[in-house]
Amino acid sequence: MLTTSCTLAHDQPTDTLPVLATYLHTRLGTPPPRPLAAISLDLDDTLIDTGASLAHGVRAAAQLAATLTSRVDPGALIDAYHAAFAAHWRHPAAAGTGGLQDLRRRVWRTALRSVGVTLDTSDLDRLVRTCVAAQLAMIAPDPELRSLLRELTDLAPVAVCSNGHRSSVQRKLDKAALTEFVTAIICGPDIGLAKPDPGLFHACSRALNVDPARCLHIGDSWHADVQGALAAGMVPIWITRQPAATAPRPPTVPSYPTVTHAIRDLLQLFSPAPPERSCG
Ligand SMILES: [Mg+2]
């Protein structure tokens, strides 16, 4: 009986696969790549489209603010919020280990002040609650991502490494139905560190009980995720969800538009080869 191999149809990208294979051969061992030891994943704008869900939350809170005082222009407050939010996340470690509620109040207070408005703590907390609730309402399970993560966790343990507060990270993971795939959750505020500090990545590799050099890190921030992982001795993969907002970078790290694209290629490379099939 004549038996030949055949190609099964699938929608996995092919142009990025050789680039990733060469990169991982170089970083993990040549050839073949050693089995994956562990994978660290950023949360916001990597596993979850935080930009879209946060924008929804901020819009809802700004509309509430406009009902509390006629001095609020919702559009101006939305812009002010995003400016205050971005200012915080440029130096997240500077916030120390303060509580999440204090941080949320501080960002909203800063935004309101910049549009010339002050609210009492009760109304400020109403904005915070409205923003969080509307943001979380936008987060829903992605069946494809769940399926890919289930396959990935058959190959290696997966951790989330985030600069966010634990309670927020956990709620987002729960809403996205991703918690069951995560072996460890490492949150910067818990230990007073923030990516790109290598200490946070090393806390992640310790939690996964692997050498950092054998741990991949997948994240959307060139500065926090890619440069931080490199400084920690990990193997980064860049998610370019918002490439226009990121500084030019050398083409030395594979990039993907979404985490699902990256995981598809990792599964292609590292999943055991299927048995040869007859095309007859
Ligand atoms: Mg991120």
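What follows draws every value from the coordinates through simple rules; no lab data is involved. Only a predicted model underlies this, so the values are computations on that prediction, with no experimental measurement involved. Positions of Cβ are backbone-derived with ideal geometry, glycine not excepted, and every protein chain shown enters the neighbour counts.
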> With each label point set 7 Å from Cα along the Cα-Cβ vector, what nm distance links L269 and H91?
Replying inline: 3.7 nm
> What are the residues whose amide H is under 5 Å from the amide H of G164, where those residues sit 5 or more places off or on another chain and H is modelled from the backbone?
Replying inline: G188
> Taking the Cα centre of each part, how many Å lie between segment 22-73 and segment 89-160?
Replying inline: 11 Å
> Comparing R214, R27, R90, which has the greatest mean-square fluctuation in the GNM of the chain with Cα pairs linked when under 10 Å apart?
Replying inline: R90
> With Cβ to Cβ distances under 11 Å as the rule, what net charge do the other residues near T258 carry (K, R +1; D, E -1)?
Replying inline: -3
> Which residue fluctuates the most in the chain, going by a Gaussian network model with Cα springs under 10 Å, if the choices are G164, G116, G228?
Replying inline: G116
>> For a quick check: sort W108, W238, W89 by the number of other beta carbons within 10 angstrom, fewest at the front.
In response: W89, W238, W108
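What ratio of Cα Rg to 2.2 N^0.38 Å holds for the chain? Don't skip to the answer; put the middle values down first.
Values: Rg = 21.2 Å, N = 280, 2.2 N^0.38 = 18.7 Å.
Against the compact-globule rule of thumb, the ratio is 1.13.
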> For segment 107-144, list residues with backbone N below 20 Å from a point placed 7 Å from the Cα of Q63 toward its Cβ?
Replying inline: 108, 112, 123-140
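By counting other Cβ atoms within 10 Å of each Cβ, how are T22, T67, T110 ranked from fewest to most?
Working: T22 13, T67 9, T110 16.
Ordered from fewest to most neighbouring Cβ atoms within 10 Å, T22, T67, T110 come out as T67, T22, T110.
For the chain, what does the helix formula give at 222 nm: sum of -39500 (n - 2.57) over DSSP H segments with n ≥ 4, over the residue count, nearest 500 deg cm²/dmol?
Calculated mean residue ellipticity at 222 nm is -15000 deg cm²/dmol.
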